[in-house]
Each structure stands twice: as C-alpha cells, then as structure tokens.
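Have a look at the structure below, then the notes.
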Amino acid sequence: MNHALAETVAGQFAVDGPLVAVEPFAGGHIHDSYVATCDSPTVVRRFLLQRINTAIFRDPPRLMDNIVRVTRHIAARLRSQGIADVERRVLTVIPAADGRPFVPAPDGSYWRMYRFIERTRVHEAVQTPAQAECAGRAFGDLQRLLADFPVGELHETIPDFHNTPLRLAALERAIAADVCSRVREAQREIELVRQHRDLAPVLVNLLQTGVLPLRVVHNDAKLSNVLLDDGTGEGLCVVDLDIVMPGTALYDFGDMVRSMTTTAAEDEPDASKVALSPSLFAALARGYLAAASAFLTPPEHGHLVFAGQLITLEQAIRFLTDFLTGDTYYKTSRPNHNLDRTRTQLKLLADLTRREAELSRLIRLLAQDTSPRSVAPPWAT
Ligand code: GN1
Ligand code: MG
C-alpha cells in the first residue's frame, strides 16, 4: 500500500469538492483499496479509490473500458425498468479530471475511483440462508441484465480465466519445478486434486461444442463481491467487475456454491470446520433460479451441481499453484495461507461430491417453480 501516492492520485479525479481524508480500505485479494472522503458544497461523500494490480491486469485502459461499458449497460437497463435508486444498484465510475476512467501515476501504477455505496455490508463468509438467497438473486439478476450486452465489445481482461485444464497444467508445471521446495508439504493436497482431474475439461468442452451457450457473466461470483443492503439484507449491488467476460452462467453458479454453502471462511485454518450445508445450498439456488431459471437452458440446469464441484476444484488448483510458486498472486498474511485455502476448497469439494444426489434433487424441486412472479426482482413488484 502506498498511502502518500493514494492521497496525491485521489485529487486527480473529478469529484465535486475538496478531499478531506484518504484511508486504507480492506477487502479483496487483488487490488489495494482506499476510501476517499470529499467535503462537497452540499454533502460529505465517499469514494472507493483502487490501485489496479497491473501484474494481473496488464492493460488497465482496456479493463476500465469494459467496466465503463458494462456499468452503463446495467444502469440503462435498470432505469428502463423504472428503478429509482440506480446509483446504489450499479457501480458508478468517477472519471479523472481529464475525462479518462483512470489515473496513471508517475510510478507506472494505475488508479480508478467509484462512488462508494453507503449503508451496505460485505461478508467474507456466509452466515445465514437469507444472505445466500439474496446474493444468488443478485448474480442471477446481473446475468439477466447483461443478457443483451454485445459480447464482441468486451476485451478479454484475463484470457482463459476459467479454463480448468490450463489451470491444472499450470499446477503440474509448478509441482515439477517445485521452486520453493513446498511440494513435500502439499503431497496430500496434490494427490486429492489429481483424483478429481477428470472434472477439469467438462465445462470447457461443453462450451466449445455449443452445448452450453456463451453468455456475458461475472466470473468471480463470490459472496464478498455483493453489497448487501444494511436495512433489508437485499443483494443490492454486484461489485468487482474486472473479469466480466463471455463464459458460461455455470461459472458464476459454481463460484456461488464454492463461497456460500459453508459458513467457514475461505481461509479457515482448520479445514474440518468446513461443512457443506444443504440448507445454504437450497437458499442460494432458490435465489439464483428466481432470476435465472427463465433464461437457463436444460443443459445449464443439468450442470448446476457439477459446476459447484468444478469451480471449487479449480479454486483449489489455483490456491495450490500459488502456494507452490511462492504466494505471488493472492495476497497472503501468514505462512501457509494459500495451503489453508487449498484445504478448505478440497474439504468442500469432498462434501459436494459425497452429497451430489441430494443436491441434484434439491435443484430439480426448485427448478419446477418458474412462475413469472418469481422472475421479477422483489423491488419491482
Ligand atoms: C480473487 O478479487 P477477489 O478477491 O474478489 C480472484 C478470484 C478468486 C477469489 C478467491 C481476478 O477475487 O478469481 O476466485 O480471489 N480474482 C482474480 O477468493 O483472480
Ligand atoms: Mg472482490
């Protein structure tokens, strides 16, 4: 974190008054975030200032071009539905004084600013079925709002992001190179990943053969990327739009299963505390399907449970690869942090596999309820 630089850069965005404070803001594994407070003539406003991680996002202007297009599209759709508080339901990009949606700093870093959405909450781990249902609904609505977004206009911010076979190949290379001599310590986890290797190509193949439709999806649909309204708990605004790209809706549902079906944190050091909760799964699926079942095709419906297994495996592969290569991708704050994360994912994967039949039954029951009433968002009825 470079606080002094953050203060200098904050002043280069087009906010309507003097900035009175810039404070570090925790959250996310990728970028550095700050909250900037502006004392405008009428009201004190806050903004989220982020230093974009350029090791991961190598072309910030293209990244921001995507985000500007996507947020404008969502805002236009919400307005056409007659929704009043649009600026609380979609991120607003604050332009720089020169009109660009980012500020390049002299040290080569790139910064962006959003309006801060007040009176909301973010949870790293799910606590109640209501949270899972509200977040599921929010990601389903996002997919629905992006259904007519022109796919060709999006830059691929991280190519092959959910290409699980390539993720697996990267892991095998990391095992072979063993640059940090950590393979010994991760023997059990490596073995477990290899036992599930047959899952890896399934969704990529179904996309390539056209069985699954290509849609614009979020691609990082975890609980902490939804702002929940403080008062109502509703999933108000989906954030972290960095990898909104073409993919399958199942990537998002899979990520939701990964992040919202156990109350344990993603980095819980004691993996035995990770336990799949069918009631959280049912709530999540109910929320998601209320928005999505109207547009999902039978092959998409048929792979919802599988997607949870696949994305959980993929995340285990990614954490394990980062552990073996020296913790260069995800932010870590303790030794073995990425190994702990790998273990939570593998424990959840074991539960998802063992209870597959039960979860599929739940999906079949929920999918039957596709009444039009359940398709309209709750605030529009
Ligand atoms: C990262 O940016 P953040 O913390 O929301 C990662 C996701 C992972 C997630 C795991 C661009 O998301 O893919 O699923 O961590 N984002 C990127 O918590 O790699
Ligand atoms: Mg995030």
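The values are calculated or read from the model by the stated rules, or taken from the named source; none is laboratory data. All values reported here derive from a predicted model rather than from experimental measurement. Positions of Cβ are backbone-derived with ideal geometry, glycine not excepted, and every protein chain shown enters the neighbour counts. SASA here: full protein model, heavy atoms, side chains in, ligands and nucleic acids out. Shrake-Rupley method; radii C 1.70, N 1.55, O 1.52, S 1.80 Å.
Calculated on the Cα set of region 3-118, radius of gyration then Dmax: 14.3, 44 Å. Close amide-amide hydrogen proximity is noted between Trp111 and Ile52, Val103, Ala105, each under 5 Å apart and 5 or more residues distant or on a separate chain (H modeled in the peptide plane; Pro and chain starts excluded). Ordering Asn66, Pro104, Val9 by Cα displacement along the dipole of region 3-118 toward the positive end leaves Asn66 in first place; charges were set at the Cβ atoms of Lys, Arg (+1) and Asp, Glu (-1). The charge dipole of the chain, taken about the Cα centre with unit charges on the Cβ atoms of Lys, Arg (+1) and Asp, Glu (-1), comes to about 540 debye, rounded to the nearest 20. For region 271-303 and region 1-77, what is the separation of their Cα centres, given in Å? Value for the Cα centre distance between the two parts: 33 Å. Each residue of the chain gets 141 Å³ once the volume of the Cα convex hull is shared out per residue. With no solvent and one point on each alpha carbon, what is the Debye value of log10 I(q)/I(0) for region 117-199 at q = 0.14, 0.21, 0.26 Å⁻¹? Listed by q, the Debye log ratios stand at -0.89, -1.02, -1.19.
Across the chain, C-alpha contacts under 8 Å between residues 6 or more apart give a mean separation that, scaled by the residue count, equals a relative contact order of 18 percent.
Run the reach check for Lys347 against aspartates and glutamates, Cα to Cα strictly under 16 Å, same-chain hits fewer than 8 apart removed. What comes back? Reachable aspartates and glutamates: Glu189, Glu191, Asp255, Glu266, Asp267, Glu268, Asp270, Glu314, Glu356. Simple point charges give the picture: +1 on the Cβ of Lys and Arg, -1 on the Cβ of Asp and Glu, and for region 3-118 a dipole about the Cα centre of about 560 debye. With contacts taken as Cα pairs under 8 Å at a separation of at least 6 residues, region 183-288 carries a relative contact order of 22 percent. The accessible surface of the chain, taken with every protein chain in place and a 1.4 Å probe, is 53 percent carbon and sulfur. Dipole check for region 159-260: with +1 at the C-beta of Lys and Arg, -1 at the C-beta of Asp and Glu, and the Cα centre as origin, the magnitude is about 520 Debye.
Region 167-260 has equivalent-ellipsoid semi-axes of 31, 20, 12 Å, by the square roots of 5 times the alpha carbon gyration tensor eigenvalues, sorted largest first. For region 3-118, the relative contact order comes to 26 percent (Cα pairs under 8 Å, sequence separation of at least 6). Annotation: per residue accessible area for the chain equals 43 Å², rounded to a whole number [probe 1.4 Å, protein chains only].
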